[in-house]
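Following: one structure in structure tokens, then a few remarks.
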Amino acid sequence: MRKMLALIALVVCCGCNELPQRVTTLPIKRVVETPVANLPTSLRPYNWTDARGSGSCVNASTVYNLTWSAKPELAAWWRKNHAGGETDTSIRRSHDAVGLRYYYTRNADPEFLKWVTKTRRSALIWYYQSHCVNFVGFHRDPTRPDDSTMYAWLCDNNRPTRYIKVPIDSFLRKWAGYGGFGLALQDPPVPPSLFSATTRS
């Protein structure tokens with residue numbers, strides 16, 4: 001019995017030579033993803049047609065908004081139950097019918113899109129002739145560090161695999177010309193990517 005206790009004491013003592021590690025808490029990182037409403041490529045909806053061949057760009061943009069707001073089931077339901085063209089009145093009526101809360105503009109208000117960017121939301125907007133796309137943020141181009149131009153970043157549901165960037169002045173002028181409508185959900189977006197908050201030394 002004494003030999004066993006001595007052996008246990010030897011094993012325990014052998015593991016005590018390591019110094020404890022020091023853990024340092026890192027400062028909170030600012031969200032720097034570009035664009036801020038960067039839905040993974042595989043989740044970005046394509047436009048579809050109704051029985052008469054009419055495009056569903058407004059509804060596809062709604063699906064993007066819903067998916068980005070962590071409502072995948074509602075997004076899937078929306079795609080199955082909505083198709084064809086929409087007006088700013090009809091799309092708001094459809095949102096009201098399912099109890100979705102939202103903010104919108106009808107006069108190309110840049111402050112609305114600044115808020116969308118600041119809060120990491122996406123917004124469906126009228127852009128291009130008789131078309132709707134997702135506005136996903138105002139940003140510089142991170143791949144061109146010497147370019148100080150601010151761009152509007154867009155996801156077009158006719159070609160959603162690559163974001164489109166338009167210089168902000170040109171974008172605001174064209175958005176107003178296309179009708180100036182925009183709609184963003186009140187519901188918060190998915191949380192930003194995780195990062196390490198501690199380091200060991």
Are any residues in the stretch 147-158 in a loop (DSSP other than H, G, I, E, B) and within 22 Å of residue 60 (Cα to Cα), and if so, which ones?
-> 156, 157, 158
Hits in the stretch 49-67 - residues which are crowded, with 17+ Cβ neighbours inside 10 Å and either β-branched (Val, Ile, Thr) or over 23 Å from residue 36 (Cα atoms) (or both) | 55, 56, 58, 62, 63, 67
Selection from the stretch 95-111 of residues within 17 Å of residue 74 (Cβ to Cβ), open to solvent by 90 Å² or more (accessible area, probe 1.4 Å) and in a helix (DSSP H, G or I) yields 96
Counting only residues that are touching a residue at least 24 places away in the same chain (Cβ under 8 Å) and among the small types (Gly, Ala, Ser), how many does the stretch 147-180 have?
-> 4
Checked the stretch 77-94 for anything open to solvent by 50 Å² or more (accessible area, probe 1.4 Å) and either among the hydroxyl-bearing types (Ser, Thr, Tyr) or within 20 Å of the chain's Cα centre (by Cα) (or both); matches are 77, 79, 87, 89
Top-ranked residue in the stretch 117-136 [being open to solvent by less than 40 Å² (accessible area, probe 1.4 Å) and among the small types (Gly, Ala, Ser); ranked as farthest from the chain's Cα centre (by Cα)] | 123
Check whether at least one residue in the stretch 159-180 is in a strand (DSSP E or B), open to solvent by less than 50 Å² (accessible area, probe 1.4 Å) and touching a Cys at 6+ places or on another chain (Cβ under 9 Å), and report yes or no.
-> yes
Boolean, residue 70 is under 22 Å from the mean Cα position of the chain (by Cα), open to solvent by 30 Å² or more (accessible area, probe 1.4 Å) and not basic (Lys, Arg) | yes
Can you spot a residue in the stretch 112-130 that is in a loop (DSSP other than H, G, I, E, B), aliphatic (A, V, I, L, M) and at pLDDT 95 or above?
-> no
Neighbours by Cβ (under 8 Å, 6+ apart or cross-chain): first from the stretch 39-60, more than 23 Å from residue 120 (Cα to Cα) and modelled with pLDDT of 95 or more; second of a type in the set (S, T, N, Q) and surrounded by fewer than 12 Cβ atoms within 10 Å (Cβ to Cβ) = 55/49; 56/49
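The values are calculated or read from the model by the stated rules, or taken from the named source; none is laboratory data. Just so we're clear, the structure is a prediction, and the values are computed from it rather than from any experiment. Note that we place each Cβ from the backbone using ideal geometry, even for glycine, and neighbour counts take in every protein chain shown. To get the accessible areas, we keep the full protein, side chains included, count just its heavy atoms, and leave off ligands, DNA and RNA. Shrake-Rupley method; radii C 1.70, N 1.55, O 1.52, S 1.80 Å.
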